[in-house]
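The values are calculated or read from the model by the stated rules, or taken from the named source; none is laboratory data. Note that this is a predicted model, so its numbers are computed, not measured. A quick note on method: Cβ atoms are made from the backbone with ideal geometry, for glycine too, and the neighbour counts reach across all protein chains shown.
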């Protein structure tokens, strides 16, 4: 902006006239409309979204006024007697989510590693697409698949586990385990519709998300270090163990947590598979459990206004827990993506 | 796989002809040893598992057979490799078996999920009336030449159209606000939207149920379902679009401003055209995700058995809801119809997904 001393012979008074141009840009009409409209919509969406959040949050006031603290500790859900509480569904939610993680994360880890480090170069785009496509498969389809196809096979496995590891409280089933499964009443009532079987459907739902986060981080593992490990005579596993996995650790953790956030809210596949029961129990292989989202999906109809507030409060709690998990996960993944690439 | 790999033949440098084009050494070939060890381990483990499973141990179930076979297979293959190879290579082989198993299991699960819907729902799918009839007056155990899911398909199309008509413009404009206009307010909006993507879809449904149906006393209708879907999809679309818009290189914007363009001209002529393929992909994937959502519909739309094209009155069915209510009815014929409807829903999702991919590929934009 400042005029340099010019080699030309310029009159001094001409320079004196040269004042800096006023740079304040007054927006033209179209810009004012553009900024106004987008800001208006942005604020509108902000208001709507905040109102929803506040509405859900404020429902906890009537809920706790009506049911008191026992809303959190009561495990039964008896709308007709107005005895309701979310202890058992909260436990069920955590159980289903954790079992789903146990099933899905090793598979996601293996698949992500396979895509980045084992598969031939030309398969990679296709495999990545396939994982993305799986993310678009509706939950109801996986629910149907588990209910009709997987459950009859999976109950054999859960029966075997409960028979041999039933001394672990978590894996116990209150039934006569020595009774062969094909000899039990139709539909293996003691094993069907358990938290573990519902978790299979949830695992199918969360697998793609975990895989794509892990794959993205693994793909950024520094090529120089990988080549260095290979040049030192390392096998592929040595490369993965010493370069890719340490580099992608936060991707694994972040991806798993994002998957956990998704698993907590998964509704319809769980509703379809479980035998709903409001019982505080940790026996994950035994028939009968419930989750918060399944409770909402099935309990809204016969709810009185107070019970509706209670359901909204339960939904709000689920939302807050998911939000916390997602936020932590986003932080972890962002750290992974910010590139801790070591220089070579 | 290792330094012991045999190099391909025909590498003797001909000294008479000067430099010969070198063939790249194959670093990943397997030796005959490896192949024989693999085949042997497969056969031996199958035999052992069969013996254990049917003769020795009181086990049952096909899934169990596969699990036991896999464990035995790892043990045999590791043992066979250890006979001739040092430990690092054995570890590599075990790791490979474990890693390769993951996509195989998932692929088998996905394939069986897709195929089972088609196979189990094959009979209804073969009847033309399945696509042009509704379920009014049809009993659950009626033959498949009666009834269909026209009402559900129409409901899904109507509900999704309204939801997209609400969520997409709002989401896109919000994204333009957060990504292009900027400022403190924009950052707040962005964080709130990001937070809202954590809302489980069933809670969106419950919110609409409470406000629209209970407090405002409206009927269950297709429009209520559209509202729930829109609430669910809005944050997802806004966030995905925001991410896509922020990837547009800042240099393009600066070049546009340097040419004297206004902000509106820059957004309309530079930013949006640049981001268009990626935006379309993000939005279509948002639609694909919303179209299969069941729980918001369960609470809001009601499930009619008859055709209803009016979203503002009377209950309205939809594909996911039809699948859910048929599958949970406990009638075998309805379970078959549920599978057939799931196959139709999968075709819808697959079409959306393929469209998104084609758009993304056309300009080589990153989705």
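For this structure, a couple of remarks:
- Within the range A:131-153, the set of residues being surrounded by fewer than 22 Cβ atoms within 10 Å (Cβ to Cβ) and within 7 Å of another protein chain (Cβ to nearest Cβ) comprises A:133, A:136, A:148, A:149, A:153.
- If only residues of the range A:57-72 that are loosely packed, with under 12 Cβ neighbours inside 10 Å and assigned to a helix (DSSP H, G or I) are counted, the one that is farthest from the chain's Cα centre (by Cα) is A:65.
- Options B:162, B:176; residue that is surrounded by 17 or more Cβ atoms within 10 Å (Cβ to Cβ) and farther than 14 Å from residue A:39 by Cβ: B:162
- Every residue from the range A:97-127 that is surrounded by 15 or more Cβ atoms within 10 Å (Cβ to Cβ) and away from chain B (no Cβ under 13 Å): A:98, A:99, A:100, A:101
- Residues that are outside any helix (DSSP H, G or I) and either more than 10 Å from chain A (Cβ to nearest Cβ) or in contact with a strand residue (DSSP E or B) (Cβ under 8 Å, 6 or more places away or on another chain) (or both), drawn from the range B:319-335: B:329, B:330, B:331
- The single residue among B:264, B:268 that is surrounded by fewer than 24 Cβ atoms within 10 Å (Cβ to Cβ), within 14 Å of another protein chain (Cβ to nearest Cβ), free of Cβ contacts under 8 Å to residues at least 24 places away in the same chain and in contact with a helix residue (DSSP H, G or I) (Cβ under 6 Å, 6 or more places away or on another chain) turns out to be B:264.
- Helices (runs of 4 or more DSSP H) contained entirely in the range A:228-344, each with at least 1 residues that are at pLDDT below 90 and more than 14 Å from every other protein chain (Cβ to nearest Cβ): A:249-265, A:305-337
- Qualifying positions in the range A:109-132 - over 22 Å from residue B:93 (Cβ atoms) and either in contact (Cβ under 8 Å) with a residue 24 or more places away in the chain or not in a helix (DSSP H, G or I) (or both): A:128, A:131, A:132
- Residues satisfying the stated conditions in the range B:209-222, i.e. in contact with a helix residue (DSSP H, G or I) (Cβ under 8 Å, 6 or more places away or on another chain), surrounded by fewer than 24 Cβ atoms within 10 Å (Cβ to Cβ) and in a helix (DSSP H, G or I): B:210, B:211, B:212, B:213, B:214
- Residue within the range B:196-209 that is more than 9 Å from chain A (Cβ to nearest Cβ) and either touching a strand residue (DSSP E or B) at 6+ places or on another chain (Cβ under 9 Å) or at pLDDT 90 or above (or both) present: yes
- Only a single criterion out of (1) in a helix (DSSP H, G or I); (2) within 14 Å of residue A:117 (Cα to Cα) is not satisfied by residue A:221, namely (1).
- For the range B:132-159, the set of residues classified as part of a helix (DSSP H, G or I) and touching a residue at least 40 places away in the same chain (Cβ under 8 Å) consists of B:150, B:151, B:152, B:153, B:154, B:155, B:156, B:158, B:159, listed by residue number.
- Check on residue B:330, more than 17 Å from residue A:140 (Cα to Cα) and either surrounded by fewer than 19 Cβ atoms within 10 Å (Cβ to Cβ) or at pLDDT 90 or above (or both): no
- Hits in the range B:305-318 (condition: in contact with a helix residue (DSSP H, G or I) (Cβ under 7 Å, 6 or more places away or on another chain) and either surrounded by fewer than 24 Cβ atoms within 10 Å (Cβ to Cβ) or assigned to a helix (DSSP H, G or I) (or both)): B:306, B:307, B:308, B:309, B:311, B:312
- Exclusive hit being in a loop (DSSP other than H, G, I, E, B), out of contact with any helix residue (DSSP H, G or I) (no Cβ under 8 Å at 6 or more places or on another chain) and more than 10 Å from every other protein chain (Cβ to nearest Cβ), set B:302, B:251: B:302
- Note on the range B:124-141: residues that are in contact with a helix residue (DSSP H, G or I) (Cβ under 7 Å, 6 or more places away or on another chain) and surrounded by fewer than 17 Cβ atoms within 10 Å (Cβ to Cβ) total 4.
- Any hit, the range A:158-165, residues being away from every other protein chain (no Cβ under 11 Å), surrounded by 20 or more Cβ atoms within 10 Å (Cβ to Cβ), within 30 Å of residue A:192 (Cβ to Cβ) and touching a residue at least 12 places away in the same chain (Cβ under 8 Å): yes
- Checking each residue of the range B:345-359 against the condition of being farther than 30 Å from residue B:247 by Cβ and in contact with a helix residue (DSSP H, G or I) (Cβ under 9 Å, 6 or more places away or on another chain) gives at least one match.
- When A:103, A:44 are checked against the criterion of being modelled with pLDDT of 85 or more, assigned to a helix (DSSP H, G or I) and closer than 30 Å to residue B:187 by Cα, a single residue qualifies: A:44.
- Residue in the range B:87-103 that is within 11 Å of chain A (Cβ to nearest Cβ) and surrounded by fewer than 15 Cβ atoms within 10 Å (Cβ to Cβ) present: yes
- Options A:18, A:31; residue that is over 59 Å from the mean Cα position of the chain (by Cα) and at pLDDT 65 or above: A:18
- Residue match in the range A:56-76 (condition: at pLDDT 85 or above, touching a helix residue (DSSP H, G or I) at 6+ places or on another chain (Cβ under 8 Å) and facing chain B (nearest Cβ under 9 Å)): yes
- Selection of first residues in the range B:276-288 that are touching a residue at least 40 places away in the same chain (Cβ under 8 Å) and within 14 Å of chain A (Cβ to nearest Cβ) and of second residues that are crowded, with 23+ Cβ neighbours inside 10 Å and outside any helix (DSSP H, G or I), restricted to Cβ pairs under 7 Å at least 6 apart or on distinct chains, gives an empty result.
- Extreme residue, farthest from residue B:335 (Cα to Cα), among residues of the range B:104-130 that are away from chain A (no Cβ under 12 Å) and part of a helix (DSSP H, G or I): B:129
- Failed item in (1) more than 14 Å from chain A (Cβ to nearest Cβ); (2) under 27 Å from the mean Cα position of the chain (by Cα), with residue B:347 passing the rest: (1)
- In summary, residue B:342 fulfils each of the numbered conditions (1) at pLDDT 90 or above; (2) surrounded by fewer than 22 Cβ atoms within 10 Å (Cβ to Cβ) with the single exception of condition (2).
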